[in-house]
Amino acid sequence: MRWAYELNWPGIAGGFVGRTTQDVRDDTMRAALQAMAGERVLVEAEQVHGGEVAVIVEDALHDASVCIAGVDGFVTDAPQAALAIYVADCLAIFLSHEGAPAVGLAHAGWRGLVADMPGTLVRSALGAFGGDAGDLRVALSPCIRQCCFEVGEEVAEQFDAMEGAVDRSRERPHVDLIAVAKAQLREAGVREGRVEVIDGCTRCDPERLASYRRDPERCGRNVALIGLG
Ligand SMILES: [Zn+2]
């Protein structure tokens, strides 16, 4: 596997791997993921479309890989952890706490955003490792963008109060996940200039990116990885 986008942050290793054709539970895929993690412990989340973030301590890293139940994100200052999140149309949110140093990673689709996952990730990092929002930088992965994210009214109305989040100029409402995540990060104290948005709409770019909306049968996954180093 090769990076579609590599994080160019000081003291950080990681990035975003575009469309993988296999399931992340597949043997070949496991081997590839493990190879990317190298000597580190691959830390995965159950990813239940919730809003929980775990703090990963060194003692939890006892196998080649560990999966944390019931969470969609994690933060850690353990240098041997390689945090991994798998997405198809949802967002992966990368975080670096430069003051600690520590890293964080989370999965958020519209349900995760309703649960304020971006804000929770920020508060978890500051709660666990101290410092303030000025120590943080964040990157938002490719996801299904507003061009393609058509939703029902029950989803759209969750975001109506947020300026610029819902486009109602077309027949059905379209939600801008990036606009929502940015607003929540701003609310949590992260300055606009410290938030990078990685280009690409998963549904628009079949060559590079996996999309469940586009290929429900065989979409594969996009892989987000981050660690200190
Ligand atoms: Zn699109």
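FYI, it's all coordinate maths here, none of it is from the lab. Being a predicted model, the structure only gives us computed values, none of them experimental. Here the Cβ is made from the backbone with ideal geometry for all residues, glycine too, and neighbour counts use every protein chain on show.
Some notes on this structure:
- A Förster radius of 41 Å, combined with the Cβ-Cβ distance separating residue 172 from residue 6, puts the computed FRET efficiency at roughly 0.70.
- Label point distance in nm, residue 24-residue 58, each placed 7 Å from Cα along Cα→Cβ: 2.7
- Under the criterion of Cα pairs below 8 Å and six or more residues apart, the relative contact order for the range 1-141 equals 20 percent.
- For residue 187 and residue 69, the difference between the fully extended length at 0.36 nm per residue and the C-alpha to C-alpha distance is 39.7 nm.
- Sites residue 215 and residue 132, calculated FRET efficiency, Cβ-Cβ separation with R0 30 Å, nearest 0.05: 0.10
- Its Cα gyration tensor gives the chain an equivalent ellipsoid. The semi-axes, each the square root of 5 times an eigenvalue, are 26, 22, 14 Å from largest down.
- Share, in percent, of DSSP beta bridges within the chain that are antiparallel, nearest 5: 70
- Per-residue packing, averaged as other Cβ atoms within 10 Å, sorts the ranges 141-152, 106-117 into the order 106-117, 141-152, beginning with the highest.
- Cα-centred dipole magnitude for the chain, charges only on beta-carbon of K, R (+1) and D, E (-1), debye, nearest 20: 480
- Centre-to-centre separation between the Cα atoms of the range 136-169 and those of the range 1-23: 24 Å.
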